[in-house]
């Protein structure tokens, strides 16, 4: 199958990253959403997350907070993203109780079709399919993620997000498989200039016809 990608980018950014560098990045790519995630060595809090929330919203980009519905309300972000867990359906219900219907609540269903369908029926604003960090066979997990995206996009209307995407080529292939959004973690080690080039690469990959392998 050959298709023209209509997917948009969904960037995952660690709190504490230089907002000016992120501003250059979002100027280089058509960014639909920005997910603020905790840095590896620090918990997510209002002080470190607020600059990114304000930057994204000033640019008209939906900004989500990772895993913390209460912090989402405090920062007046647009919503919360719930990473995969064994109790993801229950966590979705808890987050919706905190945030109500005005906020985005999206969830990563991992590799569970049952959880994905349950989340969609419960009112999740999007359902994501990713690759949990503990999975050792990454190649098999990538194929399973692609299969899940193809299955979901053919049957359901709730938007689908491909998570744990590593390269522009992978982003384009998943867009061709039917993902509505492609989530890439922003490399924290890159300079502002390198981030801008990286963003342009992603934008180009999602703007051209992609042959599905």
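The values are calculated or read from the model by the stated rules, or taken from the named source; none is laboratory data. Keep in mind it's a predicted model, so treat the numbers as computed, not measured. Virtual Cβ from ideal backbone geometry, glycine too; neighbours counted across all protein chains shown.
Worth pointing out:
- Meets criteria (free of Cβ contacts under 8 Å to residues at least 12 places away in the same chain and surrounded by fewer than 17 Cβ atoms within 10 Å (Cβ to Cβ)) for residue 100: yes
- Of all the residues in segment 91-123, those that are under 14 Å from the mean Cα position of the chain (by Cα), modelled with pLDDT of 95 or more and part of a loop (DSSP other than H, G, I, E, B) number 1.
- Condition check for residue 64: on the phi < 0 side of the Ramachandran plot and within 18 Å of the chain's Cα centre (by Cα): yes
- Residue check, residue 39 exposed (fewer than 15 other Cβ atoms within 10 Å of the Cβ), in contact with a strand residue (DSSP E or B) (Cβ under 8 Å, 6 or more places away or on another chain) and either touching a residue at least 60 places away in the same chain (Cβ under 8 Å) or over 19 Å from residue 128 (Cα atoms) (or both): yes
- Residues in segment 146-155 that are more than 25 Å from residue 90 (Cα to Cα) and buried (at least 17 other Cβ atoms within 10 Å of the Cβ) were compared, and the one that is nearest to the chain's Cα centre (by Cα) is 146.
- Some residue of segment 132-145 being touching a helix residue (DSSP H, G or I) at 6+ places or on another chain (Cβ under 7 Å), at pLDDT 95 or above and either farther than 25 Å from residue 78 by Cβ or surrounded by fewer than 22 Cβ atoms within 10 Å (Cβ to Cβ) (or both): no
- Unique match (being modelled with pLDDT under 95 and either over 16 Å from the mean Cα position of the chain (by Cα) or outside any strand (DSSP E or B) (or both)) among 49, 39: 39
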